[in-house]
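Trainee: Before anything else, here's the structure in question.
The values are calculated or read from the model by the stated rules, or taken from the named source; none is laboratory data. All values reported here derive from a predicted model rather than from experimental measurement. Note that each Cβ is placed from the backbone with ideal geometry, even for glycine, and that neighbours are counted across all protein chains shown. These accessible areas exclude ligands, DNA and RNA; they are computed on the full protein's heavy atoms, side chains included. Shrake-Rupley method; radii C 1.70, N 1.55, O 1.52, S 1.80 Å.
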Amino acid sequence: MTDRQRVLILGGGSGGLELACGLASGGRLDVTLVDRVGAHVWKPRLHEFAAGTVDTSLSEISFYTLAALRGFRFEQGDVARIDRAGRRVVLRAFSDVKHEAVAPERALPFERCVVALGGVTADFGTPGVKEHAYSLDGRADADAFRQSFVAMMLKARATGEPARIVIVGSGATGTELAANLREAEHAFFERKGHDDRDRLLRITILEAAPEIMPGGDAKLRTQVLQRLDALGIDVVTNAKVSAVEAGLVRTASGATYPADAVMWAAGLTGAPVLKDLADFEMDRKGRIVVDDRLRTTVDPLVYAIGDAASLTPADAKAPLPPTAQIASQEARYLAKALSEAVHGGEPAAFAYRNKGQLISLAGAGTVGILGSRDFIVNGRFAKAAYSALEREHQWTVLGPVRGTVAILADLAMPTRGPALKLHG
Ligand SMILES: Cc1cc2nc3c(=O)[nH]c(=O)nc-3n(C[C@H](O)[C@H](O)[C@H](O)COP(=O)(O)OP(=O)(O)OC[C@H]3O[C@@H](n4cnc5c(N)ncnc54)[C@H](O)[C@@H]3O)c2cc1C
């Protein structure tokens with residue numbers, strides 16, 4: 001073994017990119033990050049990009065620039081599989097924008113590998129979702145939805161018939177998107193001082209469970225429900241969607257909801273590629289099972305973090321949920337633990353610290369629970385706490401000096417009202 005072991009990180013999202021920056025800053029490892037796209041977008045803001053309530057230009061960072069800045073290598077490509085015996089990762093042939101293959105299949109050697117390929121929205125096999133619904137798995141999804149939203153709003157203004165958006169799923173993504181769309185509606189009003197009769201947009205959230213945000217805290221749920229109501233957003237519970245058709249959502253009870261656009265935000269599974277990567281142990285949500293050092297159960301030199309990983313803490317019955325908060329804590333842990341392991345140490349186990357849950361409902365404020373204790377925060381304090389996760393991410397990725405400059409630039413930009421982004 002040399003001091004410059006090759007570490008391959010697959011996926012440059014919330015977890016993978018933070019890990020690449022953390023590992024490379026030590027200078028003792030040869031770190032390569034692989035992603036299918038050339039720029040990093042912080043996924044927890046996708047609903048704001050979709051609604052157009054924030055400008056993506058401040059939130060997108062080129063992997064190529066970051067690699068030079070932070071001292072890792074970046075390899076753009078689509079991960080196909082991990083050849084565990086040969087200690088290499090295979091990337092598919094690379095195609096250009098015209099879908100013509102321009103570079104053949106490639107193989108990247110490694111001594112240690114970290115899978116951080118994230119997750120995708122689960123449609124649970126519901127007919128019509130793939131054909132007729134949007135989801136929020138990446139930047140391209142948010143852009144496609146925003147373009148259609150703008151067209152719907154212009155049509156609504158021209159015809160006087162409100163556009164109808166149905167959101168399936170009442171978790172953080174569904175409720176936050178609904179609130180941001182209500183906020184975005186303001187940009188299309190023809191006059192100031194409009195009232196509810198002028199509505200250009202009807203928003204309905206459908207939830208299969210008897211209450212919104214299933215599994216969430218009861219007090220938080222009540223707060224969110226009150227705020228959605230104040231925003232004029234309809235919430236229907238016990239509404240299990242059985243099919244999505246062109247212009248229509250059907251539920252198992254036979255109810256139908258006309259829709260100009262449907263956003264499917266009803267759950268998450270591991271990225272489809274995970275099950276074909278190698279012979280990993282998988283959980284029932286398609287995620288790779290890892291031990292308390294984030295090592296895959298079949299190979300101690302291959303790790304998994306974030307939405308791609310299934311980690312059940314010793315005192316828990318179920319695996320940790322897919323959140324950026326967890327992906328980031330795992331990345332920070334592994335940046336230390338992996339370096340220690342490479343140099344012959346025995347790192348301590350990963351310990352997750354629940355910092356709480358915050359829901360940002362645009363004009364209706366931010367509400368949430370801090371820590372694992374049962375108290376609700378709201379107002380400016382909650383808004384600041386909500387932003388803290390992204391601020392931490394910017395600091396980790398850009399370093400203290402550039403991170404501070406980026407944060408100040410971000411703060412100087414209005415992200416509400418007239419700053420609405422109306423194009424791709
Ligand atoms: C709208 C929305 C709001 C959210 N809000 C919050 C929040 O407020 N708080 C919170 O904690 N969490 C939130 N989340 C969840 C959070 O975004 C995810 O849990 C987190 O991004 C997971 O990080 P990750 O690194 O595991 O994966 P990701 O961030 O999804 O990154 C995966 C990376 O892998 C790349 N990739 C995928 N497949 C391949 C392949 N085959 N080859 C090469 N590259 C590939 C992708 O391009 C991507 O860069 C939100 C999610 C959404 C969608």
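Trainee: Of the conditions (1) open to solvent by less than 10 Å² (accessible area, probe 1.4 Å); (2) near the ligand (Cβ under 10 Å from one of its atoms); (3) touching a residue at least 60 places away in the same chain (Cβ under 8 Å), residue 21 fails just one. Which one is it?
Mentor: It is condition (2) that residue 21 fails.
Trainee: Another question, then. Scan the range 116-138 for residues that are under 13 Å from residue 262 (Cα atoms) and part of a strand (DSSP E or B) and jot them down. Step through it out loud before you land on a result.
Mentor: Step one: of the range 116-138, the residues under 13 Å from residue 262 (Cα atoms) are 123, 128-136.
Once the filter is applied, which keeps residues that are under 13 Å from residue 262 (Cα atoms) and part of a strand (DSSP E or B), the range 116-138 yields only 134.
Trainee: Identify all residues within the range 128-154 that are in contact (Cβ under 8 Å) with a residue 40 or more places away in the chain, among the charged types (D, E, K, R) and over 20 Å from residue 43 (Cβ atoms); write none if there are none.
Mentor: 131
Trainee: Additional query: Can you tell me which residues in the range 243-262 are exposed (fewer than 15 other Cβ atoms within 10 Å of the Cβ) and polar (S, T, N, Q)?
Mentor: Those that are exposed (fewer than 15 other Cβ atoms within 10 Å of the Cβ) and polar (S, T, N, Q): 253, 256.
Trainee: Quick check on this structure: which one of 313, 322 is near the ligand (Cβ under 10 Å from one of its atoms) and either of a type in the set (A, V, I, L, M, F, W, C) or not in a strand (DSSP E or B) (or both)? Give the steps one after another, and end with the answer.
Mentor: Values: 313 fails: near the ligand (Cβ under 10 Å from one of its atoms).
Just a single option satisfies the conditions, and that option is 322.
Trainee: Residue under question is residue 72, and the condition is that it be in contact with a helix residue (DSSP H, G or I) (Cβ under 6 Å, 6 or more places away or on another chain) and surrounded by 15 or more Cβ atoms within 10 Å (Cβ to Cβ); does it hold?
Mentor: Yes, satisfied.
Trainee: Confirm whether residue 209 is surrounded by 15 or more Cβ atoms within 10 Å (Cβ to Cβ) and either part of a loop (DSSP other than H, G, I, E, B) or not hydroxyl-bearing (Ser, Thr, Tyr) (or both).
Mentor: Criteria not met by residue 209.
Trainee: Just give me the residues in the range 249-273 being more than 11 Å from the ligand (Cβ to nearest atom), in contact with a helix residue (DSSP H, G or I) (Cβ under 7 Å, 6 or more places away or on another chain) and not aromatic (Phe, Trp, Tyr), in sequence order.
Mentor: Applying the first criterion (more than 11 Å from the ligand (Cβ to nearest atom)) to the range 249-273 yields 249-262, 264, 266-267, 269.
From what's left, in contact with a helix residue (DSSP H, G or I) (Cβ under 7 Å, 6 or more places away or on another chain): 260-262, 264.
Selection gives 260, 261, 262.
Trainee: Can you name the residue in the range 102-119 that is in contact with a Phe, Trp or Tyr (Cβ under 7 Å, 6 or more places away or on another chain) and modelled with pLDDT under 95 and, of all such residues, is surrounded by the fewest Cβ atoms within 10 Å (Cβ to Cβ)?
Mentor: 102
Trainee: Can you spot a residue in the range 139-149 that is in a helix (DSSP H, G or I), of a type in the set (A, V, I, L, M), in contact with a Ser or Thr (Cβ under 9 Å, 6 or more places away or on another chain) and at negative phi?
Mentor: So far as the range 139-149 goes, yes, one or more of its residues are in a helix (DSSP H, G or I), of a type in the set (A, V, I, L, M), in contact with a Ser or Thr (Cβ under 9 Å, 6 or more places away or on another chain) and at negative phi.
Trainee: Another question about this same structure. Any residue at all in the range 75-87 that is open to solvent by 70 Å² or more (accessible area, probe 1.4 Å), under 22 Å from residue 6 (Cβ atoms) and assigned by TED's automatic domain parsing to the domain that holds residue 17?
Mentor: So far as the range 75-87 goes, yes, one or more of its residues are open to solvent by 70 Å² or more (accessible area, probe 1.4 Å), under 22 Å from residue 6 (Cβ atoms) and assigned by TED's automatic domain parsing to the domain that holds residue 17.
Trainee: So, one more: Restricting to the range 214-236, name every residue that is open to solvent by 50 Å² or more (accessible area, probe 1.4 Å), more than 16 Å from residue 176 (Cα to Cα) and not in a helix (DSSP H, G or I).
Mentor: Answer for the range 214-236, where residues must be open to solvent by 50 Å² or more (accessible area, probe 1.4 Å), more than 16 Å from residue 176 (Cα to Cα) and not in a helix (DSSP H, G or I): just 215.
Trainee: Give me a count of the residues in the range 156-181 that are in contact (Cβ under 8 Å) with a residue 60 or more places away in the chain and away from the ligand (no atom under 16 Å from the Cβ).
Mentor: Total meeting the criteria: 3.
Trainee: Of all residues being within 16 Å of the ligand (Cβ to nearest atom) and open to solvent by 20 Å² or more (accessible area, probe 1.4 Å) in the range 139-154, which is farthest from residue 261 (Cα to Cα)? Just the residue, please.
Mentor: 139
Trainee: Name the one entry in 384, 348 that is open to solvent by 40 Å² or more (accessible area, probe 1.4 Å) and either more than 16 Å from the ligand (Cβ to nearest atom) or at pLDDT 90 or above (or both).
Mentor: 348
Trainee: Exactly one of these conditions fails for residue 166: (1) under 23 Å from residue 210 (Cα atoms); (2) open to solvent by 10 Å² or more (accessible area, probe 1.4 Å). Give me its number.
Mentor: (2)
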